[in-house]
Amino acid sequence: MFTKTQSLCRSLLACCLVLLGSLANAQAIDYPTRTIKFVVPFPSGSGTDQSAREAANDITRRTGQPVIVENKPGANGLIAAQQVARAAPDGYTVFITSMTTQSVNPFLYKKLPYDPVADFIPVAMISKNAMVLVVRNTEDQPKSVAELTARMQAAGSKLSFASGNTSSLVAGKTYSNAVSSPALHVPYKGIPQAVTDLMAGAVDFMFSDLTVANPLVQQGRLRGLGVTGPTRASTLPDVPTMREAGMPIELSVWNGAYVPAKTPHAVVVRLNELLNQATQSKQGQERFKQTGGTVDTMSPEEFAKFNEQEVLIWGRAVRGAGIQPE
């Protein structure tokens, strides 16, 4: 009798486990059932915005559900981060952001209006790339990092650099410190606006996301002097790395997806699956070829660990750049 009872319990337990697994899968499969909103803390045309729109289009193709992109630029992403942190944790408000809000801001501000760790669940990486040091492509502008360095040291603080996000700020400050020549920092709401003023001659140089600068360098509207990645960009093979150019500056930029804390795990897993499919799709891979970017396909847990490491990396970079928190 004991054996039969024990066997029955085991059978019931197995059935329950199968049922729970089926329910979990059903919950994941049922998402999405309505419009998803991607909130981007940078302006239209920025690298993160482009990544968000490509992913949004792919998810719509796969699920039949609309995915809208809402740009919420300003204050280094603080406004957008707060909005998403306060949103319903149901997977229908997704933060498509970069290391700016998740890894850099904690070292730029003494107090943040959101918690990058407690307020969000990391979902997936969407892209990873480098920055490129650029100047106007005119005869009177530097043709190498060494030439720009010489001009900075000769001109003292008369040269200026633009930034459109925190990574471009950190890179610009790091370079200025490395050559012992402080340049005037001119901040912008986003990289596209900063690049526009650079081409107009309002500022002298900047570190731009490769995604934005790439076509402008290829078209001859900007001149690339050095990329911040560990290797040369496939799209700009003639542009040396900053290290090759004599400046040991190596910084990678990335963007990814986050949802508000307490979002159901099944929804996080399903969204991770959809985003990974988007980056691995034919369209996604073609975009990486055009922009010189890559992506590391990760589970939510792997992306969370990646975030932990990036906080350490960018913390060292901010301190090394001599930037004091506000």
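Derivation of every value follows stated rules applied to the coordinates shown; laboratory data play no part. Bear in mind that the values here come from a model prediction, so they are computed numbers and not experimental data. All Cβ positions, even for glycine, are placed from backbone atoms using ideal geometry, and neighbour counts span all protein chains on display.
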At most 13 other Cβ within 10 Å, DSSP loop - GluC sites (Glu not before Pro), the range 216-322: 244
Under the Karplus relation 6.51 cos²θ - 1.76 cosθ + 1.60, θ = phi - 60°, what is the ordered set of whole-Hz ³J(HN,Hα) values for the range 220-233, x standing for Gly and Pro? x, 8, 10, 10, x, 9, x, 9, 8, x, x, 9, 5, 6
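Treating only the Cβ atoms of Lys and Arg (+1) and Asp and Glu (-1) as charged, compute the dipole magnitude of the range 130-227 about its Cα centre; round to the nearest 20 debye.
Values: 8 positive and 6 negative charges, 13 e Å.
Charge dipole, the range 130-227, about its Cα centre: 60 debye, nearest 20.
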Go ahead and set up a Gaussian network model of the chain, Cα springs under 10 Å, then flag whichever of 312, 225, 271 fluctuates most. 312
Can you compute the charge dipole magnitude of the chain about its Cα centre, using +1 on each Lys and Arg Cβ and -1 on each Asp and Glu Cβ, nothing else charged? Give it in debye, rounded to the nearest 20. 320
Using Cα pairs under 8 angstrom and six or more residues apart, how large is the relative contact order of the chain, in percent? 26
Starting from the Cα of residue 147, step 7 Å along the direction of its Cβ; do the same at residue 33; then give the gap between the two resulting points in nm. 6.2
Would you please name the chymotrypsin sites (Phe, Trp or Tyr not before Pro) within the range 87-179 that are DSSP coil residues with at most 14 other C-beta atoms within 10 Å of their C-beta? 109
Need the list of lysines near residue 143 for cross-linking: C-alpha distance under 29 angstrom, and skip anything on the same chain fewer than eight residues off. 128, 158, 173, 189, 289
Among 35, 228, 100, which one moves the most in a GNM of the chain with springs linking Cα atoms closer than 10 Å? 35
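Can you give the longest stretch of the chain with no exposed loop site, where a site means trypsin sites (Lys or Arg not before Pro) in a DSSP loop (not H, G, I, E or B) with at most 14 other C-beta atoms within 10 Å? Intermediate results must be reported in sequence, preceding the final value.
On the way: sites that count: 34, 86, 110, 111, 143, 158, 262.
Counting at most 14 other Cβ atoms within 10 Å as exposed, the longest clean stretch of the chain is 159-261.
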Give the label of the value calculated from the structure for Cα extents along the principal axes in Å, choosing from [x] 93, 40, 33; [y] 62, 38, 35; [z] 62, 44, 41. [x]
